[in-house]
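Asks: Pasting a structure here, questions to come.
The values are calculated or read from the model by the stated rules, or taken from the named source; none is laboratory data. Computed from a prediction, not measured in an experiment: that's the story for all the values here. In this analysis, Cβ positions are derived from the backbone assuming ideal geometry, glycine residues included, and neighbour counts consider all displayed protein chains. Surface areas here come from the heavy atoms of the whole protein model, side chains and all, with no ligands, DNA or RNA. Shrake-Rupley method; radii C 1.70, N 1.55, O 1.52, S 1.80 Å.
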Amino acid sequence: MNIQDQAARPTGSRERTLDEVKAEFMRRAGKLNPFEDIRREDAERVMNALKNLDKDHWAEEWSKIGLAYEAQGDARAKAGANGTELAELYMHAFDACRVGRYPTPDSPGKLAAYQHSLRMFRKAAKHFDPPLEIVELPFEGNKLIGYLQLPPGVAKPPVVLHWGGVDGWKEDRLRIANAAMSAGLASLTIDMPGSGENPVLYGDPAAERTYFTWLDHLPTRADIDGSRIGVWGGSFGAYWAARLAFVAADRIKGAVFHGGNIHYGFQREWLLPAFTTGGATYLFGAASLLDARGRAMGTKTLEEFLEAAPRFSLKTMGLLDQPSAPLLGVNGKLDDQAPVDDIYLLLEHGNPKSARIYPDGHHMGRTPGQPAEHITHTIVAWLKQQLAR
């Protein structure tokens, strides 16, 4: 950790040791989010090679695994291998480099790992079934990028526009895309502001307009029903779905607020514990939660983040008592990254809303010993119902 990192982090912030990280990673490898797609033999190889938790060292060891898979995929492509085999090899490459940039590419090595992961994902995506279309939209001198997939055999399907948070980006949402398509819904996955390839920071006044650019685009397409759009934001990105439910109530049929913040989670009283003793789902400890959120927000220190966050409160904005699109709040009661009280706050204001709260669930509602797919299918079923109207 460099001096700047130390200055940005709160006193007493929980950080796992090298041995703790190794043990925790092996506990999750091949089984638990966000490392469920990592092969255990690859995890063992990297954990055995790690000498410290330097960010670039972490990225380098994971990139070695990813680049080896990519080279294998390239060789098999030249040999005429089928698309299924190539997609699998390139996705192994992607997954390794994705972990190399985890939770956020805030060092030169992690940024390089992220760039590798994009290249590898798009090599894999050429062989996806259903096909994946890379959609690029002009935006204020730059561009927005999303991945569109259509359910086979469905003419002009409704569409779910969805995104994750500070560490789960558009390439990481294939399971959700497949669940949506299985329900006859098109999937368009994007990066929230401050993440992935989105050119706008979370704290930028233009951030909301990135979503309106997508909402403007979808009705112009002939292959989907752009009059039936649902939005679904996850984790720190859930905020934008809740906000759209109010500011774009006439343009969307439903919004899913999944494991995020709308008021309490933006206050100092919540954030200080989250950045010190909380953040249990973060591999490196709570301090890296601040690293990831700070990079998304565009802040350099804890105090800068604490000063910037409260202005995002939908309560302070006066939106909560305004009419909203149908809104579903989902989270675990034990979440230490986003307070479940923010869902209760939504329920206490404005028109009636829906909620699914998991009493023993942690971040995003994930509950030890229970399959996380249940949460995905619950949300998709709700969206399908809203988009049928």
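Asks: Roughly how much of LEU290 is accessible, in Å² to the nearest 10, using a 1.4 Å probe?
Replies: 10 Å²
Asks: Determine the relative contact order of the chain: mean sequence separation of Cα pairs under 8 Å and six or more apart, normalised by residue count, in whole percent. Walk me through the numbers before you get to the answer.
Replies: Values: 743 pairs, mean separation 55.9, N = 389.
Worked out over the chain, it gives 14 percent.
Asks: Pull up the DSSP beta bridges for region 131-263 and report the antiparallel fraction as a percent, rounded to 5.
Replies: Numbers: 11 of 25 bridges.
So the antiparallel bridges amount to about 45 percent of the total.
Asks: Okay, next question. Bin all alpha-carbon pair distances of the chain at 10 Å intervals from 0 and give each bin's fraction as a whole percent.
Replies: 5, 24, 34, 27, 10, 1, 0
Asks: Using alpha carbon centroids, what distance separates region 39-76 and region 290-368, in Å?
Replies: Result: 35 Å between the Cα centres.
Asks: Add -39500 (n - 2.57) for each DSSP H run of 4 or more in the chain, then divide by its residues: what number comes out at 222 nm, to the nearest 500 deg cm²/dmol?
Replies: Working: 14 runs with 166 residues, N = 389.
-13000 deg cm²/dmol, from helical runs alone.
Asks: Moving on to the next point. If the only charges are +1 at each Lys and Arg Cβ and -1 at each Asp and Glu Cβ, what is the size of the charge dipole of the chain around the Cα centre, to the nearest 20 debye?
Replies: Working: 45 positive and 48 negative charges, 130 e Å.
I would put it at about 620 debye.
Asks: While we're on this one: Compute the relative contact order of region 140-281 as a whole-number percentage, counting only Cα pairs closer than 8 Å that sit 6 or more residues apart in sequence. Don't skip to the end; give the middle numbers.
Replies: On the way: 243 pairs, mean separation 33.1, N = 142.
RCO, region 140-281: 23 percent.
Asks: With a cap of 16 neighbouring Cβ atoms within 10 Å, and only residues DSSP puts in a loop, list the trypsin sites (Lys or Arg not before Pro) found in region 112-187.
Replies: On the way: sites: ARG119, ARG122, LYS123, LYS126, LYS143, LYS170, ARG173, ARG175; in loops: LYS126, ARG173.
Listed in order of number, the matching sites are LYS126.
Asks: Here's a follow-up. Report the net charge of residues surrounding TRP58, where surrounding means a beta-carbon distance below 10 angstrom and charges are Lys +1, Arg +1, Asp -1, Glu -1. List each step's numbers first, then the result.
Replies: Details: positive: LYS55, ARG101, LYS110; negative: ASP54, ASP56, GLU60, GLU61.
Within the 10 Å Cβ shell, the charges total -1.
Asks: Follow-up question, since we're still on this one. Say the dipole of the chain comes from +1 at the beta carbon of Lys and Arg and -1 at that of Asp and Glu; which of PHE121, TRP62, GLY80 then lies farthest toward its positive end?
Replies: Highest projection toward the positive end goes to GLY80.
Asks: Using the Cβ atoms and a cut-off under 11 Å, what net charge is assigned to the surroundings of LEU218, where Lys and Arg are +1 and Asp and Glu are -1? Please report the intermediate quantities before stating the final value.
Replies: Details: positive: ARG221, ARG228, ARG251; negative: ASP216, ASP223, ASP225.
Value of the local net charge: 0.
Asks: While we're on this one: Given the whole protein assembly as supplied and a 1.4 Å probe, what does the accessible area of HIS377 come to in Å², nearest 10?
Replies: It works out to around 110 Å².
Asks: Between SER187, THR210, PRO199, whose Cα lies farthest towards the positive end of the dipole of region 135-232 when Lys and Arg beta carbons carry +1 and Asp and Glu beta carbons carry -1, centred on the Cα centre?
Replies: In region 135-232, that residue is SER187.
Asks: Right, next: Which is the longest stretch in the chain that no exposed loop site breaks, taking sites as GluC sites (Glu not before Pro) with a DSSP loop state and at most 16 other Cβ atoms within 10 Å? Numbers along the way, then the final one.
Replies: Details: sites that count: GLU15, GLU36, GLU140, GLU348.
Counting at most 16 other Cβ atoms within 10 Å as exposed, the longest clean stretch of the chain is 141-347.
Asks: Only sites in a loop by DSSP and with at most 15 other Cβ atoms within 10 Å count here; which trypsin sites (Lys or Arg not before Pro) in region 279-320 make the cut?
Replies: Numbers: sites: ARG293, ARG295, LYS300, ARG311, LYS315; in loops: LYS300, LYS315.
Here the trypsin sites (Lys or Arg not before Pro) that fit, given the DSSP loop and packing criteria, are LYS300.
Asks: Next question. Here is the link list: LYS126/LYS156; LYS31/LYS64; LYS55/LYS78; LYS143/LYS353; LYS78/LYS123. Which ones come out longer than 25 Å on Cα distance? The partial results should precede the final answer.
Replies: Working: LYS126/LYS156 23 Å; LYS31/LYS64 22 Å; LYS55/LYS78 34 Å; LYS143/LYS353 34 Å; LYS78/LYS123 13 Å.
Where the Cα-Cα span goes over 25 Å, the pairs concerned are LYS55/LYS78; LYS143/LYS353.
Asks: I've got another one for you. For ASP204, tell me the accessible area in Å² from a 1.4 Å probe, rounded to the nearest 10.
Replies: Counting only protein heavy atoms, ASP204 exposes about 60 Å² to solvent.
Asks: Still on this structure: Out of the total accessible area of the chain (probe 1.4 Å, heavy atoms of protein only), what percent is carbon and sulfur? Could the numbers behind the result be given before it?
Replies: Values: 8260 of 15830 Å².
Heavy-atom surface of the chain belonging to carbon and sulfur, 1.4 Å probe: 52 percent.
Asks: What do you get for chymotrypsin sites (Phe, Trp or Tyr not before Pro) in region 17-115 restricted to DSSP loop and a cutoff of at most 10 other Cβ within 10 Å of the site's Cβ?
Replies: Details: sites: PHE25, PHE35, TRP58, TRP62, TYR69, TYR90, PHE94, TYR114; in loops: PHE35.
Listed in order of number, the matching sites amount to none.
Asks: Percent of alpha carbon pairs in region 292-379 separated by more than 16 Å?
Replies: On the way: 2422 of 3828 pairs.
Tail of P(r) above 16 Å: 63 percent of Cα pairs.
Asks: Something else: Add +1 for every Lys or Arg and -1 for every Asp or Glu among the other residues with Cβ under 13 Å from the Cβ of GLY184, and state the total. The partial results should precede the final answer.
Replies: On the way: positive: LYS156, ARG228, LYS384; negative: ASP225.
For residues surrounding GLY184, the net value is +2.
Asks: Which percentage, to the nearest 5, of the DSSP beta bridges contained in the chain is antiparallel? The partial results should precede the final answer.
Replies: Values: 11 of 34 bridges.
Around 30 percent of the beta bridges assigned by DSSP in the chain are antiparallel ones.
Asks: Continuing with this model, one more query. For a quick check: with amide H placed at 1.01 Å from N, whose amide H comes under 5 Å from PHE139's, ignoring anything fewer than 5 positions away on the same chain?
Replies: LEU144
Asks: Calculate, for the chain, the solvent-accessible area per residue in square angstrom, rolling a 1.4 angstrom probe over the heavy atoms of the protein chains. Mind showing how you got there, number by number?
Replies: Values: 15830 Å² over 389 residues.
Normalised by residue count, the accessible surface of the chain is 41 Å².
Asks: Hey, rough spin-label estimate for THR378 and ARG119, points 7 angstrom out along Cα→Cβ, what's it come to in nanometres?
Replies: Here the answer is 4.2 nm between the modelled labels.
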